[in-house]
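Beneath this line is the structure, given in structure tokens, with notes to follow.
The values are calculated or read from the model by the stated rules, or taken from the named source; none is laboratory data. If you're wondering where the values come from, they're calculated on a predicted model, not measured in any experiment. Note that each Cβ is placed from the backbone with ideal geometry, even for glycine, and that neighbours are counted across all protein chains shown. For the accessible areas, the whole protein counts, side chains as well, though only heavy atoms, and no ligand, DNA or RNA atoms are used. Shrake-Rupley method; radii C 1.70, N 1.55, O 1.52, S 1.80 Å.
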Amino acid sequence: MRRLTLFLLLAGSALAQKPAFTVGWSIYAGWTPYHYMNKAGILRKWADKYGIAIKVQRFDYAPSLDAFVAKNIDACAMTNMEALDMPAASGVPTTVLLIGDYSNGNDALLVRNGLQMKDLAGKKLLLVQKTVSEYLFDRAMTMGGMRDQIRKVRLINTSDSDIATAFIGDTGANAVVTWKPMVSQILKQKGVTSLFNSSQIPGEILDLTVVRTDVLNRPDGAGQKFAKALAGAWYEMLAQMSTKGPAGDKVLSAIAEGSQDTLESYKEQLSTTKMFYTPQSAAEFGASPDLKQKMALVRQFCFDHGLLGANTKSVDEVAIRYPDGSVQGKPDRVRLVFDNGYMQMAAQGKL
């Protein structure tokens, strides 16, 4: 009996000492799969393989960024813009592990009563400020020849969990920028139309899984195990998700539950999401000249809007390193790294 008790105590102690990590996610077509990965046991399977523990935590979007910057979570689902500006402005170097998709119509600028971009000056517009929604609005106005009118629009910061209800309930709100499923919900309202959406800027709004660079580089090697487990689980989930027929629909329905959606609604969201279903396709995009061109636009927007930190005097003070080793900005000021390694390991079956 004493031996059994001792064995159980030692086993419990070993379990307690298992390196533990937390991933944050918020509702979006390309991120809600984390709900399924967790519920279906895929994430646990891969965590067990590498001798670690992974917790999944759901947030509203802005609070997920705050939790990441505050080092309360280790990895987070976020866009390329937030991966650059939020951590960089707070001195938190960040590494991109997974390029999940790009928004291909999911994000949109919606208006009431037939308003045009030229009409938006002085009008009330709801959005989650300092996020990719503000970027989309800026790109819409710039491409529409209305760049000089941007600062005249009344931007009202609104959380993603409240934005649909807030816009629908406030007839004094003339416009809104948000993403699906909220976009689809709002578009059902009489008199609401879409002026601009992310399919007009393909590849500029990327949806990523990122990790704090200090976590990835932990001296005990646990951070790299965490990255491998995430990549392995992610691509196992995507393989199930992209299966045709009833088996695939069953997985999509389970994912949709994470955002209280129906299968039909979630499929509609996926129709305007360019998913990188294979690690090969994701790694190819990560190595493409396109990525550098898109990030140059995002980087400049962040600098122009003071999102890279109050003391940042030049766009080059917050640099990005790409998989080929090239750097946009000052090489000693790298704050965001695109790492293709884990996607490539998945592609080569080395996880």
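Scanning the range 180-198 for residues that are more than 15 Å from Ile163 (Cβ to Cβ) and without any contact (Cβ under 8 Å) to a residue 60 or more places away in the chain yields one hit, Lys190. Tell me which residues, restricted to the range 146-159, are modelled with pLDDT of 95 or more and either open to solvent by 40 Å² or more (accessible area, probe 1.4 Å) or closer than 17 Å to Ile186 by Cα (or both). The answer is Lys152, Arg154, Leu155, Ile156, Asn157, Thr158. Those strands (runs of 3 or more DSSP E) of the range 186-297 in which at least 1 residues are under 18 Å from Val96 (Cβ atoms), considering only elements entirely within it, cover 206-212, 273-275. Every condition in (1) surrounded by fewer than 22 Cβ atoms within 10 Å (Cβ to Cβ); (2) at negative phi holds for Gly309 except the one numbered (2). Among the residues of the range 13-63, those that are among the β-branched types (Val, Ile, Thr) and over 17 Å from the mean Cα position of the chain (by Cα) comprise Ile42, Ile52, Ile54.
Taking the range 223-253 on its own, how many of its residues are of a type in the set (A, V, I, L, M) and in contact with a helix residue (DSSP H, G or I) (Cβ under 7 Å, 6 or more places away or on another chain)? Residues meeting the conditions: 8.
Scan the range 330-349 for residues that are assigned to a loop (DSSP other than H, G, I, E, B), within 27 Å of Ala231 (Cβ to Cβ) and out of contact with any Leu (no Cβ under 7 Å at 6 or more places or on another chain) and the total you get is 3.
Val128 fulfils the conditions (1) of a type in the set (A, V, I, L, M, F, W, C); (2) at pLDDT 95 or above; (3) closer than 23 Å to Leu270 by Cβ except for a single criterion, (2).
Quick grid of which residues meet (1) at positive phi; (2) small (Gly, Ala, Ser); (3) surrounded by fewer than 20 Cβ atoms within 10 Å (Cβ to Cβ):
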| site | (1), (2), (3) |
| --- | --- |
| Asp220 | no, no, yes |
| Ala229 | no, yes, no |
| Trp234 | no, no, no |
| Ala239 | no, yes, yes |
| Gly248 | no, yes, yes |
| Ile255 | no, no, no |
| Gln260 | yes, no, yes |
| Gln269 | no, no, no |
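Here's the yes/no breakdown for (1) among the small types (Gly, Ala, Ser); (2) within 24 Å of Lys118 (Cα to Cα); (3) in contact with a Cys (Cβ under 8 Å, 6 or more places away or on another chain); (4) open to solvent by 10 Å² or more (accessible area, probe 1.4 Å):
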| site | (1), (2), (3), (4) |
| --- | --- |
| Gln185 | no, no, no, yes |
| Pro202 | no, yes, no, yes |
| Asp207 | no, no, no, no |
| Thr213 | no, no, no, yes |
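Screening Asp220 with (1) within 21 Å of Val92 (Cα to Cα); (2) touching a helix residue (DSSP H, G or I) at 6+ places or on another chain (Cβ under 9 Å) gives one miss only, at (2).
Gly349 falls short of the stated requirement of being open to solvent by less than 20 Å² (accessible area, probe 1.4 Å), without any contact (Cβ under 8 Å) to a residue 12 or more places away in the chain and farther than 24 Å from Asp85 by Cα. The conditions of being in a helix (DSSP H, G or I), of a type outside the set (S, T, N, Q) and touching a residue at least 40 places away in the same chain (Cβ under 8 Å) are not met by Val177. Taking the range 26-68 as the search range and keeping residues that are among the aliphatic types (A, V, I, L, M) and over 22 Å from Gly223 (Cα atoms), which one is most open to solvent (accessible area, probe 1.4 Å)? In this case the residue turns out to be Ala40.
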